[in-house]
Amino acid sequence: MSETKYKIVKNWIKSKILDGTFLPSQKIKSETELMEQFNVSRHTVRLALGELVSEGWLYKKQGSGTYVSDLSLKQDHKPHIHKKSVAIITTYISDYIFPSIIRGAESVLSQEGYQVSLFSTNNNHESERKFLEIILSQRFDGIIVEPTKSAISNPNINYYLNLEALGIPYIMINAYYDALDPISILVNDEKGGFLQTEHLIKNGHRNIIGFFKTDDMQGTKRMKGFLNAHRYYGIPINPANIITYNTEQKFTKPAEILDSILDKKDRPTGIVCYNDELAVKLLDVIRNKGLQIPKDLSIVGFDDSFLAEVSEVKLTTITHPKSEMGKLAARMIIEMIEKRRSPKTKEVKLESYFFEPELVIRNSTKDLVKVENPRGE
């Protein structure tokens, strides 16, 4: 029991160092204050502090107290045997388009002699925090990050600020945390959502339903494109046709709502999906209702994933760079690392990059009535 208690104290102090709350050379709370905060004995507190001192996180001043060590001096390595290392944090590793993104990044990094460590948050902030602590503790040279729930306030921002303070470069892919305004590599998701919707509108669809996962920036941008396409072509927007859901609901809510909508007399003729993964799940709902794609309904995915072609219905979808995004992220993080190591080299200003999406037409959509000029111009 005492071991568990001292680890709670130890891990709390360590977390405060890693997220930048406790700064180098800052005096931490006294033993008595820590005893009161955690309701533990002095022996428990001393065990926690002793380990942190021996591991180099803290140092003691006789008669003064305990202070935070400088993390930038903490690494115990010699420059000539330094192993180049990059961490890749994504929401998922083995699912959907993520293996292609990761393979693209690994191919470039390994060619340049970098060791790659992979971390998957499962789009969970607590997992992201734990991995950021590992990365800060082990002092990776650079990080490629796919943000977790990027459309909502992130509780781990301090960790990224501490990375910046320590001079550890990071780059974000697919989305970014707005508060940080980092260098990022993105798909123009708003344009992609516009193209999805425009395709259905030009094919004569007017009753179009959209499904968007809105705790990620990609979903909010794609929804904006959906709305803008309706406005651009003068199509009234039915608020009931905009279905939003979050990560925890993605396996249930969209299917349940579509199931109820398809029972209605004025059911939609077109469906815009957040991604191909969702489109394939909704195909099952449509099939169970005895409806056919595209005879009864047209459906458009996003990402041009392997699912778009292996499904029974070949999906009309929007392109995503996948492997090319990973390769570009790797090249950019290497450039940032090399710049940090050799500050006298000629500075090349890196900027965020947008991949422009394109529509890939397959057989999940059809013309209701071909509209040559939907805007009536």
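The values are calculated or read from the model by the stated rules, or taken from the named source; none is laboratory data. It should be emphasised that the depicted structure is a prediction, and the values quoted were computed from it without experimental measurement. Heads up, the Cβs are rebuilt from the backbone with ideal geometry, glycines too, and the neighbour counts pull from every protein chain shown. These area figures cover heavy atoms from the full protein model, side chains too; ligands, DNA and RNA do not enter into them. Shrake-Rupley method; radii C 1.70, N 1.55, O 1.52, S 1.80 Å.
What residues have an amide H closer than 5 Å to that of I173, excluding those fewer than 5 places away on the same chain, when H is modeled at 1.01 Å from N in the peptide plane?
HN-HN under 5 Å from I173: V145, E146, I185.
What accessible area per residue comes out for the chain, rounded to a whole number of Å², with a 1.4 Å probe?
Dividing the accessible area of the chain by its residue count gives 48 Å².
So for the chain: antiparallel DSSP bridges make up what percent, rounded to the nearest 5?
The antiparallel proportion sits near 20 percent.
Taking amide H positions as placed 1.01 Å from N in the peptide plane, with prolines and chain starts having none, which residues 5 or more places from F355, or on another chain, fall under 5 Å of its amide H?
Under 5 Å from the amide H of F355 lie the amide H atoms of L186, V187, N188, each far enough along the sequence or on another chain.
Quick one: Karplus J couplings for segment 194-203, per residue in order, coefficients 6.51, -1.76, 1.60, θ = phi - 60°, nearest Hz, x for Gly and Pro?
Karplus values, whole Hz, x for Gly and Pro: 5, 5, 4, 6, 4, 4, 5, 4, 5, 8.
With 30 Å as the limit, write out which pairs from K7/K327; K221/K253; K149/K322 have Cα-Cα distances beyond it, or answer none.
K7/K327
Quick one: Karplus J couplings for segment 55-62, per residue in order, coefficients 6.51, -1.76, 1.60, θ = phi - 60°, nearest Hz, x for Gly and Pro?
8, x, 7, 10, 9, 9, 10, 4
Could you list which residues have their amide H under 5 Å from that of I299, counting only those 5 or more apart in sequence or on another chain, with H placed in the peptide plane?
Amide H neighbours of I299: I271, T365.
Taking all protein chains as present, what is the carbon and sulfur share of the accessible area of the chain, in % to the nearest whole number, probe 1.4 Å?
49
Does the chain come out rounded, prolate or oblate by the C-alpha gyration tensor, with a ≥ b ≥ c the root eigenvalues, rounded set by a/c under 1.5 and, if not, prolate when a/b is larger than b/c and oblate if not?
Prolate.
Heavy atoms only, probe 1.4 angstrom, no DNA, RNA or ligands counted: give me E358, E338 ranked by accessible area, highest first.
E358, E338
Kindly rank 144-156, 53-65, 21-33, 289-301 from highest to lowest mean number of other beta carbons found within 10 Å of each residue.
By packing density, highest mean first, the sequence is 144-156, 289-301, 21-33, 53-65.
In the structure shown, do any of K250/K295; K264/K366; K16/K250 have a Cα-Cα gap over 29 Å, and if so which?
Cα-Cα > 29 Å for K16/K250; rest within.
Report the full-extension gain for the segment S137 to S342: residue separation times 0.36 nm, less the Cα-Cα distance, to one decimal in nm.
Difference between extended and current length: 71.5 nm.
In vacuum, with every alpha carbon of segment 245-298 counted as one equal point scatterer, what does the Debye formula give for log10 I(q)/I(0) at q = 0.12, 0.20, 0.22, 0.29 Å⁻¹? Two decimals, please.
At q = 0.12, 0.20, 0.22, 0.29 Å⁻¹ the computed log10 ratios are -0.24, -0.69, -0.83, -1.38.
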